[in-house]
Amino acid sequence: MFPSAESRAEVLRTAAEVAEAQLELRQWRILQRRQNERWPRTGFTDQQIAELSKPIEAKIAELEVRIEAWKRLAAGDVDDSVSLAGFGTRLAELRVAAGMSQRELARAMGVSDSQVSRDERTMYAGITVKRAIKVLAALGFEAEVHIRPRSSE
């Protein structure tokens, strides 16, 4: 399944970020392996070792999810719904899914590389509809808006 809106804030946006995450994952796995070798010699119980292992396991799982999500995006696997709260993140995801670099998107839009980098870093905070349409068009997408009554949750 696609990452939740909460985890989307941590979307990997560039090949450099993916490489960094992969390196970090390798480092966490090395740490995990070393700790698994050392902890039994410390006198901790199996239950204590299991508790001590949880933060490392959680970090490894988080990195695996982020890397896998990037791989799906890079392969063009994008779900078709997003709330406005996650719209800026979705634009960055669509760029990855389209196989475009930030530089290529900037050129397609006629803006500077630094503008696209800044937009993605802030997850397109305050983006206008006109600009969103321009970004989507440069990525080969179009927007369709559906307005419906709020659910009574």
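The values are calculated or read from the model by the stated rules, or taken from the named source; none is laboratory data. Keep in mind that what you see is a predicted model, and the values were worked out from it rather than measured. Neighbour counts run over all protein chains shown; Cβ positions are idealised from the backbone, glycine included.
Just a few scattered comments:
- Meeting the requirement of 1 or more residues that are closer than 16 Å to E10 by Cβ, at pLDDT below 90 and not hydroxyl-bearing (S, T, Y), the helices (runs of 4 or more DSSP H) wholly within region 41-153 are 46-74, 87-97, 113-121.
- Region 115-126 residues that are more than 11 Å from L105 (Cα to Cα) and of a type in the set (F, W, Y), paired with ones that are buried (at least 16 other Cβ atoms within 10 Å of the Cβ) and at pLDDT 85 or above (beta carbon under 8 Å, 6 or more apart): Y124/G88; Y124/L91; Y124/A92; Y124/A132; Y124/V135
- Some residue of region 7-16 being surrounded by 15 or more Cβ atoms within 10 Å (Cβ to Cβ), within 16 Å of the chain's Cα centre (by Cα) and at pLDDT 90 or above: no
- Verdict on A98 being in the same structural domain as G126 (by TED's automatic domain parsing), free of Cβ contacts under 8 Å to residues at least 60 places away in the same chain and out of contact with any Lys or Arg (no Cβ under 8 Å at 6 or more places or on another chain): yes
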